[in-house]
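K.L.:
Take this structure, written in structure tokens, and hold onto it; I'll ask about it next.
A short reminder: the numbers here are calculations on the coordinates, not readings from a lab. Since this is a predicted model, take the numbers as computed values, not measurements. Virtual Cβ from ideal backbone geometry, glycine too; neighbours counted across all protein chains shown.
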Amino acid sequence: MVEKGLSGLSRCFRGAVSAFGKEGKLLFVGSPFTCLPFAEFLSYGIRDLQLMCYFMPGTDITNIIRLIPRKGFGFQLAMQVQEEKNGFDVIVLLGGLAMPKSQVSPKVLKEQLLKVSNLDFAMALFFQGIMRMPEWLEEFKFKYVVDADISRVVLEEW
């Protein structure tokens, strides 16, 4: 499937997640600040699927927070860290984890995630090939990869 733009990103993500085919818990894993808005945006795209969405910053399994719909605002973090931090059926790794400044080791991340998931349905969503590195692809054996491209960004002074 090849799409364009943010709506295309959402459609590709939805297509992959729909293949899970049942209700459950989805955990987005990404770098704080930059990945969270993408998790919130992508949660909207699967809002009618029977999946509860959560976000985990980096490798911190003690800091998993549910993403909930807020009328008029979209999906946002719930107010508190979840008490139940296991049994995640779908794991979505976001590309910010692979950025050098994140300093996230795929091996360490996998060790942490195995504490909260069996990783049977793991996928990656990233921009411009950032996770197409052997250390990510071999460690996680992703079921799906969504690799998006930002083809043009223009800043003009008016």
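K.L.:
For the chain, set up a Gaussian network in which alpha carbons nearer than 10 Å are linked by springs, and say which option among 37, 100, 69 fluctuates the most.
P.N.:
Maximum fluctuation in the GNM of the chain, among the listed residues, is at 100.
K.L.:
Within the set 22/101; 4/115; 101/141; 71/141, which residue pairs have Cα atoms separated by over 32 Å? Write down the numbers at each step before the final one.
P.N.:
Numbers: 22/101 36 Å; 4/115 36 Å; 101/141 24 Å; 71/141 37 Å.
Flagged as over cut-off: 22/101; 4/115; 71/141.
K.L.:
Extension gain residue 119-residue 132, at 0.36 nm per residue separation less the Cα-Cα distance, in nm?
P.N.:
2.8 nm
K.L.:
Let me ask you something else. Given the options 155, 35, 121, identify the residue whose Cα lies farthest towards the positive end of the charge dipole of the chain (+1 on Cβ of Lys, Arg; -1 on Cβ of Asp, Glu).
P.N.:
Value: 121.
K.L.:
While we're here: If you restrict to DSSP beta bridges whose two residues both lie in the chain, what percentage is antiparallel, to the nearest 5?
P.N.:
30 percent
K.L.:
Further, regarding this structure: Any idea how far the Cα center of the stretch 4-77 sits from the one of the stretch 109-135, in Å?
P.N.:
Between the Cα centres of the stretch 4-77 and the stretch 109-135 lies a distance of 15 Å.
K.L.:
At 7 Å along Cα-to-Cβ for each site, give me the label-to-label distance between residue 3 and residue 143 in nm.
P.N.:
1.8 nm
K.L.:
Let me ask you something else. Determine the shape class of the chain: with a ≥ b ≥ c the square roots of the Cα gyration tensor eigenvalues, call it rounded for a/c under 1.5, and otherwise prolate if a/b is greater than b/c, oblate otherwise.
P.N.:
Working: a/c = 1.37, a/b = 1.15, b/c = 1.19.
Cα axes put the chain in the rounded bin.
K.L.:
What FRET efficiency comes out for residue 60 versus residue 152 if R0 is 30 angstrom and r is the Cβ-Cβ distance? Round to the nearest 0.05.
P.N.:
Calculated transfer efficiency: 0.30.
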